[in-house]
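The values are calculated or read from the model by the stated rules, or taken from the named source; none is laboratory data. Everything quoted here is computed from the prediction, not taken from an experiment. Here the Cβ positions follow ideal geometry from the backbone for every residue, glycine too, while neighbour counts run over all protein chains shown. Only protein heavy atoms, including side chains, enter the accessible area calculation; ligands, DNA and RNA are left aside. Shrake-Rupley method; radii C 1.70, N 1.55, O 1.52, S 1.80 Å.
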Amino acid sequence: MIDHAAPGRRWDPIVRITHWTIAIAVLANAIVTEEGAAAHIWVGYGLAAILGLRLLWGIVGPAEARFSAFWPSPRKALAHVRDIRAGNVTRHASHNPLGAMMVFAIWGCLLTIIATGITLAGPVPWAGTEYQQEQHSVSAGHGRQSEVEEGEEGKEGEEGEEGMLGEIHETAANLLYLLILLHLAGVVFETRRSGKQVVMAMSPLGR
Ligand code: HEM
Ligand code: HEM
C-alpha cells in the first residue's frame, strides 16, 4: 500500500486515471456490451490502449508506480503474511507484496483477454465479428430452410481455432471476475487492518 506517512498522499494521476478507466471498461464489457458486438470490441481496444499507457508508466513513471517498486516475490509475500498474523502494520512505498501479486495477476488476465479478443475481432473494430454478421443475416429474414442451414454453418465456423480462442477469452474473463472479488476483499481487509485510507489514495479526485 502506498505510504501514508504524509496525510492525503495520492497515487500519481496516471495510476489513478488508468485504474478507474480500466475498471469501467472491464465492467462495461462484462455487464453492458453484447459479447463480440462492435461496442464490445471498441471498449476492448480502448482498454488495450489504457493498459498500454499504465504498463509504459511502469517503466518511465515515478518511483512508486514502477514495476521495480512492486516486483512480485513469494518471499516478500510470505513475510507480509507473517506481518499480518503478528499484527504488524508496515509501510510500503508502493503496493504491498500481496497486492503486488494481485496486480500482476490482473494484468496477466487482461493481456490474455486483449490478445485473444483482438485476434477474434480482427483489425476492423466497427465490423463486429463474422459470427455477429452471420446472426444478423439470419435474422434479416430468409426462408426457414436457409435459416437452419446458415445457423449450422455459423456453428461450424465457431469451432476449431476460433472456438478455442473464444474459450480462452471467456475463461480468462471468468478468472478476472474472481480476481476482482479478491482484490476488493483485499482492499477492505487492508483498510480495516491498517487503518490506512487506501481507497482515498486511489481516488480520482484531488491532487
Ligand atoms: C475485460 C474485458 C472483457 C471482458 C470481460 C470480455 C468478455 C467476453 C465474454 C464473456 C465473451 C463471450 C465469450 C464466448 O462465449 O465465447 C466475449 C466475446 C468476445 N470478445 Fe470480449 N471481453 C473483454 C474484452 C475484449 C477485448 C479487449 C476484445 C477485443 C478487442 C474483445 C473481443 C471479443 C470478441 C470478438 C468476442 C466474440 C468471440 C466469439 O465470437 O467467440 N473482448 N468477451
Ligand atoms: C473492475 C474493477 C477493478 C479492477 C480491474 C481493478 C484493478 C486494479 C489494479 C490493476 C490495481 C493496480 C493499480 C496500478 O498500479 O496501476 C488496483 C489497485 C487498487 N484498486 Fe482496483 N480494480 C478494480 C476495482 C476497484 C474498486 C471498485 C476499488 C475501490 C473500492 C479499487 C481499489 C483499489 C485500490 C485502493 C488500489 C491500490 C491498492 C494499493 O494501495 O496497493 N479497485 N486495482
- Note on the structure: Of the listed residues (Glu64, Glu35), the one being part of a loop (DSSP other than H, G, I, E, B) and of a type in the set (D, E, K, R) is Glu35
- Query: So which residues in segment 71-102 are part of a loop (DSSP other than H, G, I, E, B), within 12 Å of ligand 2 (Cβ to nearest atom) and free of Cβ contacts under 8 Å to residues at least 24 places away in the same chain, if there are any at all?
  - Reply: none
- Message: Could you go through segment 85-95 and let me know if any residue there is open to solvent by 30 Å² or more (accessible area, probe 1.4 Å) and within 12 Å of the chain's Cα centre (by Cα).
- Response: no
- Message: I'd like the residue in segment 148-199 that is open to solvent by 90 Å² or more (accessible area, probe 1.4 Å) and not charged (D, E, K, R) and, out of all such residues, is modelled with the lowest pLDDT.
- Response: Gln197
- Under 9 Å between Cβ atoms, at least 6 apart or on separate chains: pull out the pairs that start in segment 164-193 with a residue that is over 13 Å from Gly108 (Cα atoms) and within 11 Å of ligand 2 (Cβ to nearest atom) and end on any residue that is open to solvent by 40 Å² or more (accessible area, probe 1.4 Å) and not in a helix (DSSP H, G or I). Thr191/Gln197
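Is there a residue in segment 55-70 that is away from ligand 1 (no atom under 14 Å from the Cβ), more than 24 Å from Lys196 (Cα to Cα), open to solvent by less than 60 Å² (accessible area, probe 1.4 Å) and in contact (Cβ under 8 Å) with a residue 12 or more places away in the chain?
Filtering segment 55-70 down to residues away from ligand 1 (no atom under 14 Å from the Cβ) leaves 55-70.
Those still in the list that are more than 24 Å from Lys196 (Cα to Cα) too: 55-57, 59-60.
Next, from what is left, pick out any that are open to solvent by less than 60 Å² (accessible area, probe 1.4 Å): 55.
Checking which are in contact (Cβ under 8 Å) with a residue 12 or more places away in the chain leaves us with 55.
Yes.
Determine, yes or no, whether Ala48 is assigned to a helix (DSSP H, G or I) and either within 10 Å of ligand 2 (Cβ to nearest atom) or free of Cβ contacts under 8 Å to residues at least 60 places away in the same chain (or both).
In short, no.
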- Item | Residue satisfying all of: in segment 30-39; open to solvent by 30 Å² or more (accessible area, probe 1.4 Å) and not hydrophobic (A, V, I, L, M, F, W, C); nearest to the chain's Cα centre (by Cα) among these | Glu35
